[in-house]
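Participant: The structure that follows is given in the form of structure tokens.
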Amino acid sequence: MQSVRAGPSPVGSYLPAVALQPRPAVYMGDHGPPYQHMMQLMAPAMNDASPVNQTLTTVTAVSTQAKEEELEPDDEQSVAEDKKLEYVYCGIDWKPFLPTALVSSTVAGAICVFLIQIPIICRATGMREVALYTTFGVLFLITLGCMMYTINADPGLSRRTRNVSHDIEEGLPQRAHKSRQYDHPIRRYDHYCKWVNNVIGLLNHREFILMVGGLIAIALLGVLMDLWVAILLAEEGSLDAEVAVALHLGYSVALLAVAGPIMKIHFGLISRNELAQEWRSNQHYVANNTSKGDNVYVEELSDDEFNEIFDRGEFIYDKNRNPFDHGFARNCLNFWCKPRWPADSSGNF
């Protein structure tokens with residue numbers, strides 16, 4: 001097979017070049033299992049911000065000096081691989097329309113629930129409509145609000161200011177990275193998501209997770225309601241409503257199939273306080289039974305050995321390599337409660 005390290009990742013910057021398996025006997029963490037790699041499921045769902053033509057800014061833990069590394073230009077094979085990732089149909093690249101499709105499909109789903117499912121269920125059960133309208137209204141408003149914010153928000157740009165400690169000229173925070181979508185590096189860079197056409201970083205990461213969680217809740221409730229309503233409609237024989245419910249059921253199942261694996265992966269990342277960018281670049285992973293011995297950092301392996309161990313799914317998360325991993329409880333607390341909005345917030349937590 002082609003070297004995993006050669007050229008851009010075939011599934012974009014969100015996915016790591018590591019297959020995470022259930023906890024092995026030599027697992028080195030102590031606060032939750034790694035999660036199985038979702039390469040096939042995630043390829044159409046997430047992003048394609050491959051390192052091609054990007055300038056990555058990295059800072060070591062012992063240095064505050066920024067270090068920008070210009071990657072090699074695309075070769076013909078890299079360009080061909082990148083083209084495969086584009087949503088090109090009938091000569092049109094549909095990727096820029098994905099955020100609009102995400103928002104409009106969510107709104108259309110809400111309209112279907114409010115106009116068809118809720119009235120039918122309340123008529124059949126005697127439930128008060130206001131209770132269901134309020135519950136689903138709040139759910140859709142929170143989800144759409146987080147969605148619009150994630151799409152339009154500043155993800156956490158590092159700008160040159162006199163009062164900010166992470167001034168570009170003075171050195172970037174350790175977890176900052178450069179994205180080709182912005183002129184300035186992003187603090188606490190996680191990944192680029194094509195569905196919102198924005199980078200997920202310090203200032204919109206939590207909203208992104210809330211958005212995905214809201215979509216999963218909408219999908220799960222949608223499936224349950226659609227099945228229930230389908231049974232009720234079968235007794236009434238309302239063809240128009242049956243078609244609408246069938247379409248909504250298909251939408252709910254597809255949404256759950258896309259958003260479910262995303263949330264599963266992010267739950268693992270948050271529990272380890274690991275960013276998707278770090279996961280993808282194997283920063284915290286080691287391997288055993290290698291030609292160099294046990295507990296060897298995977299990036300120190302030769303390409304052939306790297307690929308062989310990668311194919312066996314034997315990369316192991318090493319908590320000791322992640323200075324930001326403080327255990328499951330504190331990691332989750334920091335993610336949800338750590339202040340992110342102060343101007344001097346570096347994102348190094």
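The values are calculated or read from the model by the stated rules, or taken from the named source; none is laboratory data. Just so we're clear, the structure is a prediction, and the values are computed from it rather than from any experiment. When we count neighbours, we look across all protein chains shown, and the Cβ atoms used for this are built from the backbone with ideal geometry, even at glycine. These accessible areas exclude ligands, DNA and RNA; they are computed on the full protein's heavy atoms, side chains included. Shrake-Rupley method; radii C 1.70, N 1.55, O 1.52, S 1.80 Å.
Participant: Which links in LYS264/LYS292; LYS178/LYS292; LYS178/LYS338; LYS95/LYS338; LYS194/LYS319 stretch past 25 Å when you go from one Cα to the other?
Facilitator: Result: LYS264/LYS292; LYS178/LYS292; LYS95/LYS338; LYS194/LYS319 exceed 25 Å.
Participant: Rolling a 1.4 angstrom probe over the protein chains, ignoring ligands and nucleic acids, what is the accessible area of MET263 in square angstrom, nearest 10?
Facilitator: 50 Å²
Participant: Now for a different question. Between VAL243 and TRP228, what length comes free when the chain is fully extended (0.36 nm per residue of separation minus the Cα-Cα distance, one decimal in nm)?
Facilitator: Difference between extended and current length: 4.0 nm.
Participant: How big is the Rg/Rh ratio for region 139-288, C-alpha atoms only, Rh by Kirkwood, two decimals?
Facilitator: Details: Rg = 20.3 Å, Rh = 17.8 Å.
Ratio value, two decimals: 1.14.
Participant: Additional query: Grab the Cα-Cα distance for ARG180 and ASP344, subtract it from 0.36 nm times how many residues apart they are, and report the gain in nm with one decimal.
Facilitator: Length gained between ARG180 and ASP344: 56.7 nm.
Participant: Report the paramagnetic label zone for LEU139: residues of region 225-250 whose backbone N is under 12 Å from a point 7 Å from Cα along the Cα-to-Cβ axis.
Facilitator: Residues 225-226 qualify, since their backbone N sits under 12 Å from the label point.
Participant: Projecting each Cα onto the charge dipole of region 214-349 (Lys/Arg +1, Asp/Glu -1 at the beta carbon, about the Cα centre), which of TRP279, ASN322, VAL253 comes out farthest on the positive side?
Facilitator: Value computed over the given set: ASN322.
Participant: Would you mind calculating the gained length between GLU299 and ARG123 on full extension (0.36 nm times residue separation, minus the Cα-Cα distance), in nm to one decimal?
Facilitator: On the way: separation 176, 0.36 × 176 = 63.36 nm, distance 6.15 nm.
Length gained, GLU299 through ARG123: 57.2 nm.
Participant: Label points 7 Å out from Cα along the Cβ direction at LYS264 and VAL107: separation in nm?
Facilitator: About 3.2 nm separates the two model spin labels.
Participant: Would you mind getting the accessible area per residue of region 176-298, heavy atoms of the protein chains only, 1.4 Å probe, in Å²?
Facilitator: Each residue of region 176-298 exposes 36 Å² on average to a 1.4 Å probe.
Participant: Among VAL298, TRP341, ILE216, pick out the residue whose Cα is farthest towards the positive end of the charge dipole of region 207-349, where Lys and Arg carry +1 and Asp and Glu carry -1 on C-beta, about the Cα centre.
Facilitator: Result: TRP341.
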